[in-house]
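K.L.:
Quick one: the structure is below, questions incoming.
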Amino acid sequence: MDSLLIYGSYGYTGRLIAREAVARGGSPALAGRNGRAVAARADELGVEGRTFDLESADIASHLATFDAVLNCAGPFVETAEPLVEACLETDTDYLDITGEFPVFECLRQRDPAARAAGITLLPGVGFDVVPSDCLAAFLAEQLPDADRLALGIKGGEGISRGTARTLVEHLGGGVVRRNGRLIQVPTAFRTREVDFGDGPEHAVTVPWGDVVTAAHSTGIESVEVYAAAPPWATSVLSAVDSLEWLLESRPVEGLLKRLIDARLNGPDEQQLATGSAVVWGEVRDETGDRCARARLRTPNPYALTVESAVTAAERVLESDGMPAGFQTPASAFGSEFALELTGTERELLESPLESGEASPSVAESDD
């Protein structure tokens, strides 16, 4: 990984990713806009450090000597585009760990330019969206004529400052995919019961990145994503819409971010080692009579992000046949990619009827 540049290498997740890359024997260059933070991290790991911000006119000059850049600096709605523009100019592959659906949609629209440049655009190589994208692709393989996909997310202990600040910037409103179009909807506009493994639980719709990525990976054009939440949370989340004008004001947004910076620092080492999450998925055909369901259990989302992001970067750098253009984790590496990560386990809960018999449930795991 000597030809990899990690941008945003001193944030919570960026630090963990840089440490993992070096632990695997790589010598990535670390970068960011805070020169002191970059230098401290680079010196600690014994690698090169570079300081530049994404408003400068010479980003491309910093990327020209690298084969790939891994963007760990959020909010990605602000950082992805300038880095991608520079990558297109320098023939540098681009990866990031975003979960922001506007970023996925923006990069999807850059597919023709990326293909023309011969580079890969591979956003979402962390918990958002590796496990959900691979589960969606797996379910589509079980029911190839499916036209509806629902995903559910539960778990995760602790949250980083960067993740929380991104959430603040996107408070209010939701999004689903309907017949190939992204539709803006109210916050928590729909609820359903989802069995994450301990019986049915209340879940509400959330604007997860799979509303873009799952359609690319599976060809399914109607996608909803849910997150586990207590029943009382539905009314609270719905109230966010009525307060959107307040939450979007600069003084309130600034106050929330200051509180985040003062109180959050991400999961500790014990939480990283012992935490877990569950991703659930269901596909149905047009009639609604045939469906497939499955669950994927993962370690702590941040722990998974570290391993999946570094593994994805390794594969992009080592592969001569990586497809150019916009890719998702599943379209780039296949539906089994998530199972190659430590501590993941997939269970097929229900499969379509074939020859008058139901396919047996199958449990698969990474041992």
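The values are calculated or read from the model by the stated rules, or taken from the named source; none is laboratory data. For clarity, every value in this text was computed on a predicted model and none was experimentally measured. Every residue, glycine among them, receives a Cβ derived from its backbone with ideal geometry; neighbour counts consider all protein chains shown. Side chains are part of the model used for accessible areas, which takes the heavy atoms of the whole protein and leaves out ligands, DNA and RNA. Shrake-Rupley method; radii C 1.70, N 1.55, O 1.52, S 1.80 Å.
K.L.:
Read through the list (1) modelled with pLDDT under 95; (2) in contact with a helix residue (DSSP H, G or I) (Cβ under 8 Å, 6 or more places away or on another chain); (3) more than 18 Å from Val125 (Cβ to Cβ), then give the number of the only condition that Glu48 fails.
P.N.:
(1)
K.L.:
Examine region 83-98 for a residue that is buried (at least 21 other Cβ atoms within 10 Å of the Cβ), under 21 Å from Ala214 (Cβ atoms), among the charged types (D, E, K, R) and at pLDDT 95 or above, and state whether such a residue exists.
P.N.:
Yes, region 83-98 contains a residue that is buried (at least 21 other Cβ atoms within 10 Å of the Cβ), under 21 Å from Ala214 (Cβ atoms), among the charged types (D, E, K, R) and at pLDDT 95 or above.
K.L.:
Would you mind finding the one in Leu272, Leu264 that is surrounded by 13 or more Cβ atoms within 10 Å (Cβ to Cβ), at pLDDT below 85 and more than 30 Å from Phe138 (Cβ to Cβ)? I'd like the intermediate steps shown before the answer.
P.N.:
Values: Leu272 fails: more than 30 Å from Phe138 (Cβ to Cβ).
When all the criteria are applied, what remains is Leu264.
K.L.:
Taking the stated definitions as given, is Leu70 surrounded by 20 or more Cβ atoms within 10 Å (Cβ to Cβ), part of a helix (DSSP H, G or I), touching a residue at least 60 places away in the same chain (Cβ under 8 Å) and out of contact with any Cys (no Cβ under 9 Å at 6 or more places or on another chain)?
P.N.:
So Leu70 fails the test.
K.L.:
Could you list, in sequence order, the residues of region 302-324 that are over 12 Å from Asp128 (Cα atoms) and either polar (S, T, N, Q) or assigned to a loop (DSSP other than H, G, I, E, B) (or both)?
P.N.:
Selection gives Thr311, Ser319, Asp320, Gly321, Met322, Pro323, Ala324.
K.L.:
Which one of these does Gly14 not meet: (1) open to solvent by less than 10 Å² (accessible area, probe 1.4 Å); (2) of a type outside the set (Ser, Thr, Tyr); (3) in contact with a Pro (Cβ under 6 Å, 6 or more places away or on another chain); (4) touching a residue at least 40 places away in the same chain (Cβ under 8 Å)?
P.N.:
(3)
K.L.:
Still on this structure, I have one more. Quick one: what pairs do we get from region 34-62, first residue free of Cβ contacts under 8 Å to residues at least 60 places away in the same chain and of a type in the set (Asp, Glu), second open to solvent by 70 Å² or more (accessible area, probe 1.4 Å) and assigned to a loop (DSSP other than H, G, I, E, B), C-beta under 7 Å, 6+ apart or different chains?
P.N.:
Asp53/Arg33
Conditions (1) on the phi > 0 side of the Ramachandran plot; (2) in contact with a strand residue (DSSP E or B) (Cβ under 7 Å, 6 or more places away or on another chain); (3) modelled with pLDDT under 90, marked per residue:
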| site | (1), (2), (3) |
| --- | --- |
| Leu121 | no, yes, no |
| Ser132 | no, yes, no |
| Leu135 | no, yes, no |
| Leu143 | no, yes, no |
| Arg148 | no, yes, no |
| Gly173 | yes, yes, yes |
| Pro186 | no, yes, yes |
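K.L.:
Would you confirm whether or not region 285-296 contains a residue that is within 30 Å of Thr92 (Cβ to Cβ), of a type outside the set (Lys, Arg) and either at pLDDT below 95 or open to solvent by less than 20 Å² (accessible area, probe 1.4 Å) (or both)?
P.N.:
Going residue by residue through region 285-296, those that are within 30 Å of Thr92 (Cβ to Cβ) are none.
Scanning region 285-296 turns up no residue that is within 30 Å of Thr92 (Cβ to Cβ), of a type outside the set (Lys, Arg) and either at pLDDT below 95 or open to solvent by less than 20 Å² (accessible area, probe 1.4 Å) (or both).
K.L.:
Are any residues in region 124-144 closer than 13 Å to Gly209 by Cα and open to solvent by 10 Å² or more (accessible area, probe 1.4 Å), and if so, which ones?
P.N.:
Result: Phe127, Asp128.
K.L.:
Let me confirm something: among Ala64, Ala60, Ala42, Ala23, which residue is open to solvent by 20 Å² or more (accessible area, probe 1.4 Å), of a type in the set (A, V, I, L, M) and more than 24 Å from the chain's Cα centre (by Cα)?
P.N.:
Ala64
K.L.:
Could you check how many residues of region 288-301 are in a strand (DSSP E or B) and more than 16 Å from Val278 (Cβ to Cβ)?
P.N.:
Of the residues in region 288-301, 2 are in a strand (DSSP E or B) and more than 16 Å from Val278 (Cβ to Cβ).
K.L.:
Which residues, counting only those in region 99-123, are aromatic (Phe, Trp, Tyr) and either open to solvent by 20 Å² or more (accessible area, probe 1.4 Å) or part of a loop (DSSP other than H, G, I, E, B) (or both)?
P.N.:
Answer for region 99-123, where residues must be aromatic (Phe, Trp, Tyr) and either open to solvent by 20 Å² or more (accessible area, probe 1.4 Å) or part of a loop (DSSP other than H, G, I, E, B) (or both): just Phe101.
K.L.:
Answer with yes or no whether Leu30 is under 20 Å from Leu317 (Cβ atoms) and touching a His at 6+ places or on another chain (Cβ under 8 Å).
P.N.:
For Leu30, the condition - under 20 Å from Leu317 (Cβ atoms) and touching a His at 6+ places or on another chain (Cβ under 8 Å) - is not met.
K.L.:
Oh, and also: Note down all Cβ pairs under 6 Å where the first residue falls in region 292-306 and is more than 14 Å from Gln271 (Cβ to Cβ), the second is of a type in the set (Phe, Trp, Tyr) and in a strand (DSSP E or B), and they're at least six residues apart or on different chains.
P.N.:
These pairs meet every condition: Arg295/Trp280.
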